[in-house]
Amino acid sequence: MHGSTILLKQTSGIIFAVVFALYKILQVSNKEELKEYAKIAITRLIGSIIIGFCFILYLLITGTMVDFIDYAILGIKTFSNKVKYISLFQATSDWIKALAVIFPIQIFVMSIICIISYIKKNLRQKEWVKNIIILLAYSVRNISSNVPNCR
């Protein structure tokens, strides 16, 4: 699945694929786990590379590589579907306003929990802390979708 995100949204798809492949490094606590993690990460990255290679091969065979680069990479400069984060606070929907407030608070709180878990080593082994670390990695990845020129 992570390889297909590259096909749907190239720049942030690449970021997502890398985060998906590497997020478990945050849970590694010894050399045996690191070896196992490395195998999984390499497998996931190879999966993404294979899908990317097939896509590039398809573009080359169909003669659409130049069009793809022109539209998907160079054309990003002309794409103007941008929403400033500050405008979310002025939305008509109360849900959007609430989420605009909650999202940065959530990232801040999860970051503090991660920092505390590295200070208090016994917390690192808790399943809920591991899940928060994973959620934090994906939340930070989502920010890249909203940064200009990362679409």
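The values are calculated or read from the model by the stated rules, or taken from the named source; none is laboratory data. These figures come from a predicted structure and were not determined experimentally. All Cβ positions, glycine included, derive from the backbone under ideal geometry; neighbour counts span all protein chains shown. Surface accessibility is based on the protein's heavy atoms, side chains included, excluding ligands, DNA and RNA. Shrake-Rupley method; radii C 1.70, N 1.55, O 1.52, S 1.80 Å.
Here are the numbers for the structure shown:
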item	result
Single residue of the range 1-32 satisfying the filter (outside any helix (DSSP H, G or I) and more than 30 Å from LEU123 (Cα to Cα)) that is modelled with the lowest pLDDT	MET1
Matching residues, the range 28-54, being hydrophobic (A, V, I, L, M, F, W, C) and in contact with a helix residue (DSSP H, G or I) (Cβ under 6 Å, 6 or more places away or on another chain)	VAL28, ALA41, LEU45, ILE51
Residue that is open to solvent by 100 Å² or more (accessible area, probe 1.4 Å), aromatic (Phe, Trp, Tyr), at pLDDT 75 or above and out of contact with any strand residue (DSSP E or B) (no Cβ under 9 Å at 6 or more places or on another chain), where the choices are TYR37, TYR85, TYR71	TYR71
Residues being at pLDDT below 75 and open to solvent by less than 50 Å² (accessible area, probe 1.4 Å) - total across the range 124-151	4
